[in-house]
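J.: First the structure, then my questions, so here it is.
The values are calculated or read from the model by the stated rules, or taken from the named source; none is laboratory data. Source: prediction; values computed, not measured. Methodologically, a virtual Cβ is constructed for each residue, glycine included, from the backbone with ideal geometry; neighbour enumeration extends over all protein chains shown. With ligands, DNA and RNA removed, areas are computed over all heavy atoms of the protein, side chains included. Shrake-Rupley method; radii C 1.70, N 1.55, O 1.52, S 1.80 Å.
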Amino acid sequence: MGKKIKVLIVDDSAVVRQTMEQILSSDPRIEVMGTAADPYIAAEKIRHEVPDVITLDVEMPRMDGVTFLHKIMTQHPIPVVICSSLTGEGSETAIKALESGAVDIITKPRMGAKQFIKESKVRIVDAVKGAAVANLKKLKSISRRGQLGVSPKLTADAVMAPPPTRAMAQTTEKIVVVGASTGGTEALREFLMSMPMDAPGIVIVQHMPENFTAAFAQRLDGLCKVTVKEAESGDSVITGRALIAPGNRHTILKRSGARYYVEVKDGPLVCRHRPSVDVLFRSAARYAGKNAVGVIMTGMGDDGSKGMKEMKSVGAFNIAQDEATSVVFGMPKEAIKLGVVDRVLPLDTISSAVIKAARQ
């Protein structure tokens, strides 16, 4: 099986610490090396044994999680997964934590319906595994530049029927669809900040819990020339606008005549995720066909590779982020392996390649 991933859980709530420990210990590849009620206790534990991954609460007494994160990243970089509540203020703090070098965000596990606990477990375990293989040097450089038996791995069929062999009738407007996961928040920031005001309409799936995507979109909207917002059903996909799929809902591209718009819907986890890149890419294959430009970025797993294959089969142009600039070279690698990628590019050249492809 190889070396286990050693995790340190830092949270001021004893209930959360206990629940997290149960969830993570249930996976044979993960070992909880300890828990800490605050950053001071955590720092003491790290002095004795360095974990592979830290899960960190951002709202704690004595020292807040973001301050502790800064200290970790400057003194002894360790992959950190932010564990946050669903409050609006908490989500803004969590977005700041991502900008400060955290690898991923998860929501605190809370007791509820059996299905919720099951899905929460998938998300938490996958986030820790993704963090364990994350390349922190790449994450830092982007920031400076500005299988479990838990649930079946469903395909996009669970949300949307397979596309017909031919896409819909002709329209000339180009649409860009983007998928990203671990390390994607900073990659997307760089990608969108490079986009001109007249960039083609963009729809993005970034694996992120609900409530955080709105804060993420708002943050990007203040930084970019294009308008960035969290997608809502009926939102038009138009020039100069980027829509980010809300956490915990699937986002589908649709078309009515010449107008592209999105539908946000519930559904099961697809490729272990909701939103799923495969679901978005399948909808792009169906409704945009050869007018779509697909981009797959840094992330663990293979979400998006099958959808990109469907896009390629109807004539879309596909781009994958290269290994050298990916925090986790998982999703792009799987798409490249399927032979459905037209260009493999470093992050800082993807936006110009997208614009070029959209104008052809």
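J.: Karplus couplings for region 182-196 from phi (6.51 cos²θ - 1.76 cosθ + 1.60, θ = phi - 60°), rounded to Hz, Gly and Pro as x?
T.: 3, x, x, 4, 6, 5, 5, 4, 5, 4, 6, 5, 8, 7, x
J.: Could you give each residue of region 280-294 its phi-based ³J(HN,Hα) in whole Hz, using Karplus coefficients 6.51, -1.76, 1.60 with θ = phi - 60°, and x for Gly or Pro?
T.: 4, 5, 4, 5, 5, 4, 6, 9, 10, x, 6, 7, 9, 10, x
J.: Non-local amide H neighbours of ASP342 (under 5 Å, H modeled in plane, Pro and chain starts lacking H): which ones?
T.: Amide H neighbours of ASP342: ASN318, ILE319.
J.: At 1.4 Å probe radius, can you tell me the per residue accessible area of region 261-354 in Å²?
T.: Per-residue value: 30 Å².
J.: List, in order, the whole-Hz ³J(HN,Hα) value for each residue of region 205-213 obtained from phi through the Karplus relation with A = 6.51, B = -1.76, C = 1.60 and θ = phi - 60°; use x for Gly and Pro.
T.: 10, 10, 4, 7, x, 4, 6, 7, 5
J.: Just from its helices, what would the mean residue ellipticity at 222 nm be for the chain, if runs of 4 or more DSSP H residues each count -39500 (n - 2.57) and the sum is divided by every residue, rounded to the nearest 500 deg cm²/dmol? Mind showing how you got there, number by number?
T.: Working: 12 runs with 132 residues, N = 360.
Helix-only estimate at 222 nm: -11000 deg cm²/dmol.
J.: Only bridges with both residues in the chain count here: give the DSSP antiparallel percent, nearest 5.
T.: Roughly 15 percent of the beta bridges in the chain run antiparallel, per DSSP.
J.: Per residue, what accessible area does region 192-231 have, given a 1.4 Å probe and all protein chains present, in Å²?
T.: The answer is 35 Å² per residue.
J.: Right, another one. Around ARG259, under 15 Å between beta carbons, what's the net of Lys plus Arg minus Asp minus Glu among the other residues?
T.: +1
J.: Roughly to the nearest percent, how much of the accessible area of the chain is carbon and sulfur, given a 1.4 Å probe?
T.: 51 percent
J.: Just to confirm a number: summing +1 for Lys and Arg and -1 for Asp and Glu over residues other than ASN291 whose beta-carbon lies under 9 angstrom from that of ASN291, what do you get? Don't jump to the answer; show the numbers that get you there.
T.: Working: positive: LYS174, LYS290; negative: GLU173.
So the environment of ASN291 carries a net charge of +1.
J.: Order these peptides, 350-360, 328-338, by their mean beta-carbon neighbour count within 10 angstrom, highest first. Please list the in-between numbers first.
T.: On the way: 350-360: 16.6, 328-338: 22.3.
So the order, starting with the most tightly packed, is 328-338, 350-360.
J.: Given H placed 1.01 Å from N in the peptide plane, which residues other than close sequence neighbours of GLU59 have an amide H under 5 Å from its amide H?
T.: GLY65
J.: Over what distance in Å are the Cα centres of region 53-72 and region 229-256 separated?
T.: 33 Å
J.: If the only charges are +1 at each Lys and Arg Cβ and -1 at each Asp and Glu Cβ, what is the size of the charge dipole of the chain around the Cα centre, to the nearest 20 debye?
T.: 980 debye
J.: Something else: Of all beta bridges DSSP finds with both residues in region 164-292, what is the antiparallel percent, to the nearest 5?
T.: 40 percent
J.: Picking from ALA14, VAL58, ALA43, whose Cα lies most toward the positive end of the charge dipole for region 1-64 (charges on Cβ: Lys, Arg +1; Asp, Glu -1)?
T.: With unit charges placed on the Cβ atoms, the residue in question is ALA43.
J.: Where in region 1-68 are there GluC sites (Glu not before Pro) that are in a DSSP coil and have at most 12 other Cβ atoms within 10 angstrom of their Cβ?
T.: For GluC sites (Glu not before Pro) across region 1-68 that sit outside H, G, I, E and B with at most 12 neighbouring Cβ atoms in 10 Å, the list reads GLU49.
J.: Whose amide H sits under 5 Å from the amide H of ILE30, counting only residues 5 or more places off or on another chain, with H placed in the peptide plane?
T.: Sorted by chain and number, the residues that satisfy this are ILE5.
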